[in-house]
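A quick write-up on the structure given underneath.
The values are calculated or read from the model by the stated rules, or taken from the named source; none is laboratory data. Quantities reported herein were computed from a predicted structural model and do not represent experimental measurements. Here Cβ is always computed from backbone atoms with ideal geometry, including for glycine, and neighbour counts include all displayed protein chains.
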Amino acid sequence: MSSASKHNAVLYNQAKIFLTDMDNDPRFHMGAKRRNQRLQEIELEIDQRGTYTHTDAELKFGVQWAWRNSNRCIGRHMWRTLQVRDCRNIQDREGVIQALHDHLTSAWQGGSIHSVISVFPPRQPGQSLRPDPVRLANHQLLRYAGFEQEDGQVVGDPHSTEFTARMLEKGWGPQRRSAYTPLPWSIWIHDEETAPADHFAAHPSLFPEIRITHPEYPGIDALGLRWYAIPVISEMALVIGGITYPCAPFNGWYMGTEIANRNFCDAGRYNLLKPIAIAMDLDTSSDRTLWKDQALTAINQAVLHSFDAANVRIGDHHELGAQFERFCEIEESSGRRLNGDWSWLTPPTSGSVSPQFHREFNNEVEEHTNFFYQRSPSEDVAARQSPPADNPVRSDDPFHLEHRHETPRCPYGFDQLSKVLPIKRRTSNGARGHN
Ligand code: ARG
């Protein structure tokens, strides 16, 4: 079999599994006859073009199914509410900026936040030298810069230092360099990096932020903390029925711990645990006073309180943990498989009071329809422009994406094997990563 026909066979098979999943959803039910018809169409198109084009309904179901299959997400019970914006024919910088503008407008809704995904053109399967039409280099659409000083100190978010340096080098001139400076967008069109788009400078209302205060600790208010309202992951690839969409920014709304524990208190991020404890006047002389735990609880309260007071949607880990548990039960009793990644589903605070802590999850990755990590556009373009002779730019497998979800097993717990396996150390952006 030639490599093209091998690709085609794999792609067709992925499309087939996808259509079966879609058919099983009562909202998209088509029945055997229509499904077979559609499969014939797909087969023909793959034969002729090496790819196939999703119908509007397939795109709509596909983005939702990809969310449902995201093992690390605790908010998946909401998967049927994801709204898709079809941007498959947008291939120019201005068009992308307008589409992202519209995405944020429809996601924000005055603070009630809707889950939205914008889907830009797909990649042509099996043609690893062909540029992607559109890529975003940003980790999220809204994110704070991290300005590295000469002494190595960082003003802002240390997670963003590399990206920030690149934006400055490419001509970004921020009006200020504070701890909370919104980053511009880095839009890549057909492998060309276009100039940083500082859209928020002209449209600050697209970057809604919440000032963080605590109902009982004025010391915390005085720290002047803030965070943005909408998390929009923009670096991951969406795969539907074997077709890769390398640019498909999507958002839900925050769970408080993401901001309070991780963004504010991770040592590799804003690293605020000690300043918060001091602002609360806690005794930090010994770890055994549990000042860290108290400070974490307080900053979680502050984040939830502040979003609530501003009428901006946010989940807490108790609520989301209970909803996810209910979702697991419903899927189980209906005989539908639900995979999960324990180390991400268990909240970073008060683990054992969440139902996820007491469950075992199957962390197998559903490959045909999901979200995946991928190489950054600059790495991807560099690899394409000087491909190592014996090493294809993208794997021979059209669905292989670099840096896909690792599937680490839960190191603590349930099965016998884990007792004899060495426990892997988590680096600061290790198993749980930054998403
Ligand atoms: N953890 C990331 C952050 O703190 C956001 C990841 C997506 N989160 C979400 N609730 N949809 O910015």
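A few comments on the model shown:
- Single residue of the range 241-256 satisfying the filter (more than 17 Å from Cys73 (Cβ to Cβ) and assigned to a strand (DSSP E or B)) that is farthest from the ligand (Cβ to nearest atom): Ile243
- Per-region count, the range 40-94, residues farther than 27 Å from Phe327 by Cβ and out of contact with any Ser or Thr (no Cβ under 6 Å at 6 or more places or on another chain): 22
- Any chance Trp291 is away from the ligand (no atom under 16 Å from the Cβ), modelled with pLDDT of 95 or more and among the aromatic types (Phe, Trp, Tyr): yes
- In the set Ile299, Ile276, Ile259, only one residue is assigned to a helix (DSSP H, G or I) and closer than 19 Å to Ala107 by Cβ; that residue is Ile259.
- His159 vs. criteria part of a helix (DSSP H, G or I), touching a residue at least 12 places away in the same chain (Cβ under 8 Å), loosely packed, with under 15 Cβ neighbours inside 10 Å and not acidic (Asp, Glu): no
- In the range 59-83, the residues that are within 19 Å of Phe372 (Cβ to Cβ) and away from the ligand (no atom under 16 Å from the Cβ): Leu59, Phe61, Gly62, Trp65
- Residue tally, condition within 26 Å of Ala195 (Cβ to Cβ) and either out of contact with any strand residue (DSSP E or B) (no Cβ under 9 Å at 6 or more places or on another chain) or in a loop (DSSP other than H, G, I, E, B) (or both), over the range 109-123: 4
- Residue match in the range 146-166 (condition: of a type in the set (A, V, I, L, M), at pLDDT 95 or above and within 16 Å of the ligand (Cβ to nearest atom)): no
- Some residue of the range 64-87 being closer than 27 Å to Lys6 by Cβ and surrounded by fewer than 22 Cβ atoms within 10 Å (Cβ to Cβ): no
- Some residue of the range 350-358 being closer than 17 Å to Trp79 by Cα and either over 16 Å from the mean Cα position of the chain (by Cα) or surrounded by fewer than 18 Cβ atoms within 10 Å (Cβ to Cβ) (or both): no
- Among strands (runs of 3 or more DSSP E) entirely within the range 181-235, having at least 3 residues that are within 24 Å of Asp92 (Cα to Cα) singles out 187-189.
- Residue within the range 312-335 that is buried (at least 22 other Cβ atoms within 10 Å of the Cβ), more than 30 Å from Thr55 (Cβ to Cβ), away from the ligand (no atom under 13 Å from the Cβ) and not β-branched (Val, Ile, Thr) present: yes
- Qualifying residue in the range 272-282 (condition: within 16 Å of the ligand (Cβ to nearest atom) and modelled with pLDDT of 95 or more): yes
- Count - residues of the range 1-29 that are modelled with pLDDT of 95 or more and outside any helix (DSSP H, G or I): 3
- Of residues in the range 169-188 being in contact (Cβ under 8 Å) with a residue 40 or more places away in the chain and surrounded by fewer than 19 Cβ atoms within 10 Å (Cβ to Cβ), the one farthest from Pro246 (Cα to Cα): Ala179
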